[in-house]
Amino acid sequence: MRFKKTREEEPRLGITPLIDIVFLLLIFFMLTSHFHIASGVPIRLPNIAQKEHDRKGNKITIVIDRSGNIYLKGKKIDIKQLGSKLKDHVKKDDRVHMVLEADKAVRHGRVVKIMDIAKMAGVSSIIIAANWKPEKVL
């Protein structure tokens, strides 16, 4: 009995499964990565030893640079207009969290005044930004 010889094909690498895997990895990294959105104002934040967990809700970022200029969502604003702008945000959403990024060279009185304006405007909580470096506190 004669058997027909089958011709063996050379193994080839299919590109379709590789493309699928690359797209799955791309989707995975896009969903799991966190992006830090900087305000564009150069400031040096003070250091802290313990990190607080992120809160859910509407966040408004206020930045105070070294010379004392105030920026609301990246736009320069006068301190007299700050209260009314914050009230507008509070009217839209009751749970507004304010993230305060102040340069460490800014006078303490300026920071406290802005915190007072925010509380009078109805901001539910104030989060003070700082650089977190995990270290032992003595």
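Relative protection proxy for 79-89, 4-14, from highest mean packing down: 79-89, 4-14 (other beta-carbon atoms within 10 angstrom).
Scoring 16-29, 108-121, 90-103 by mean Cβ neighbours within 10 Å over their residues and listing the highest first yields 90-103, 108-121, 16-29.
Gain on full extension, evaluated as 0.36 nm per residue between Leu18 and Asp88 minus their Cα-Cα distance, stands at 20.1 nm.
The amide H of His97, built 1.01 Å from its N in the peptide plane, has Asn58, Lys59, Ile60 as neighbours under 5 Å, considering only residues 5 or more places off or on other chains.
Maximal additional length on extending the Lys73-Thr6 stretch stands at 17.0 nm, based on 0.36 nm per residue less the C-alpha distance.
Would you mind classifying the stretch 47-132 by shape? Square roots of the alpha carbon gyration tensor eigenvalues, ordered a ≥ b ≥ c; an a/c under 1.5 is rounded, otherwise it is prolate if a/b is larger than b/c and oblate if not.
Details: a/c = 1.89, a/b = 1.11, b/c = 1.70.
Note, shape of the stretch 47-132 comes out oblate.
Phi angles across the stretch 95-107 convert, under the Karplus curve 6.51 cos²θ - 1.76 cosθ + 1.60 with θ = phi - 60°, into 3J(HN,Hα) values of 9, 9, 9, 9, 9, 9, 10, 10, 4, 6, 8, 6, 5 Hz, Gly and Pro given as x.
We did not get these values from a lab; they are worked out from the coordinates using the rules stated. Here the structure is a predicted model, which means the values were calculated and not measured. Don't worry about glycine lacking a Cβ; one is built from the backbone with ideal geometry, like all the others, and counts go over all protein chains shown.
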